[in-house]
Amino acid sequence: MTIADLNQRFAIPGHIAFKEGPGGLVVASVANTLAESSIALQGAHVMTFQPRGQEPVIWLSKFAKFAPGKSIRGGVPVCWPWFGPHATDAALPGHGFARTVMWQVLETKALADGASFLRFGLVENDATRAQWPHASSAELEVTVGAALRVELVTRNKGNAPFVLGEALHTYFHISDVAKMKIAGLDGCDYLDKVGPTTRKTQHGAIVIESEVDRVYLDTSADLLIEDSGLKRRIRIASQSARSAVVWNPWTEKADKMGDFGPEGHRGMVCVETANAVDNVVTVQPGEEHRMVAIYSVESLA
C-alpha cells in the first residue's frame, strides 16, 4: 500500500498522517492535542512519544540507522515471538523477527478523550513462517494520548499450543543515568546477564553505574523511573506481563554498537515489559494473549 493509499484509508485530520521517514521507511505521524508520536510500519516500531509541553518520554538515538530489515536503536522495539536467543537455533535472530519485518495498518480512530488509536498487524512471509511454523497472528495496538499505551496481541489460530516469549524493549529518555533510579523491584529475583548468568535478588532501588543487563522474574509491579534531573517520574504499568528487563550497555558496549553516539548511553535506560525466561507464556489453540504496557509521567515533588 502506497503512502497515498494509507492516507486515503487511514489518515485522520488532527490526529494521524502517513509520510516517508528517514531511510525511506513509512511512518505514521501522530499529532493530537495531547501528544505527538511517530511509528514506523517496519516493526510497528514506536520511535517517539512526547506529551504536549513535556520532554520526550521515549528515547531515539540521534545516530540510529534507518534501513529495511534493520532494527532501530531506540523507541519501542517489539521482541516477538521469542526473547533473547532462540531456544534451539542460535542462527535465528535474537529477540525474534517482529521488529525488522513489515506490519500493515489495520485500523485507526480518534478517541473521545482526544487520544489517537492505531492497530497494526504483522505481515507474514516465507522467512517468518520458516522461523515460526505456528498458525498465529500478532497485532500491536497503540494509543497516543496523555499516556502511551502499547498492547501486543498474540492469537493461536492452530490446533496445538505454542510457547511465546515477548518484550516491549522500550528505551526511555532520561536527563543522565547518574541522576536516575528505578523503583518497584525491591526484593525481586533477577538473572544478571553481565558475565556468566547468575541469579540474584534486588535490594532497594536500581542505580546504574556500569553495564546492566537483568531479567527480573515473577513481577507485575508498576516500575518507576525517578529522574531528579528532569524532576519527573515515568510510571510503567503492565498487564499480563510477569518479567521486567533493565538494560544499559554502558560505555564500551555502546561504543562498539555504533548507533549510540558519544556518551549516548547516558541519556537512556531500557525498562522492558516482558514475558521471558521462566515467565514465557503457553498460548492454547483458539486463545489470545494480550500483553499491555502503559507509560505515563508524574512530577517529582
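The values are calculated or read from the model by the stated rules, or taken from the named source; none is laboratory data. Being a predicted model, the structure only gives us computed values, none of them experimental. Cβ coordinates were reconstructed from backbone atoms using ideal geometry, including for glycine residues, and neighbour counts include every protein chain displayed. Remember, those area values only see protein heavy atoms, side chains included, never the ligands or the DNA or RNA. Shrake-Rupley method; radii C 1.70, N 1.55, O 1.52, S 1.80 Å.
A few notes on this one:
- Only one of LEU140, LEU191 that is open to solvent by less than 20 Å² (accessible area, probe 1.4 Å), in contact (Cβ under 8 Å) with a residue 12 or more places away in the chain and more than 14 Å from TYR295 (Cβ to Cβ): LEU140
- The set of residues from the range 1-40 being surrounded by fewer than 20 Cβ atoms within 10 Å (Cβ to Cβ) and assigned to a strand (DSSP E or B) comprises ILE12, ALA17, LYS19, GLU20, VAL26, SER29, ALA31, GLU36.
- Qualifying positions in the range 49-64 - out of contact with any Asp or Glu (no Cβ under 7 Å at 6 or more places or on another chain) and touching a residue at least 60 places away in the same chain (Cβ under 8 Å): PHE49, PRO51, GLN54, GLU55, PRO56, VAL57, ILE58, TRP59, LEU60, LYS62
- Residue within the range 41-55 that is part of a strand (DSSP E or B), touching a Lys or Arg at 6+ places or on another chain (Cβ under 9 Å) and surrounded by 15 or more Cβ atoms within 10 Å (Cβ to Cβ) present: yes
- Residue in the range 83-94 that is among the small types (Gly, Ala, Ser) and under 18 Å from SER116 (Cα atoms) present: no
- Some residue of the range 264-283 being surrounded by fewer than 19 Cβ atoms within 10 Å (Cβ to Cβ), basic (Lys, Arg) and at pLDDT 95 or above: no
- Residue in the range 148-177 that is farthest from the chain's Cα centre (by Cα), counting only those that are open to solvent by 30 Å² or more (accessible area, probe 1.4 Å) and of a type in the set (A, V, I, L, M, F, W, C): ALA160
- Residues satisfying the stated conditions in the range 176-225, i.e. of a type in the set (Asp, Glu) and outside any loop (DSSP other than H, G, I, E, B): ASP189, ASP192, ASP213
- Just so you know, in the range 70-99 the residues that are in a loop (DSSP other than H, G, I, E, B), in contact with a helix residue (DSSP H, G or I) (Cβ under 6 Å, 6 or more places away or on another chain) and under 30 Å from ASN32 (Cα atoms) include one that is modelled with the highest pLDDT, and it is PRO77.
- Residue match in the range 67-75 (condition: crowded, with 21+ Cβ neighbours inside 10 Å and touching a His at 6+ places or on another chain (Cβ under 6 Å)): yes
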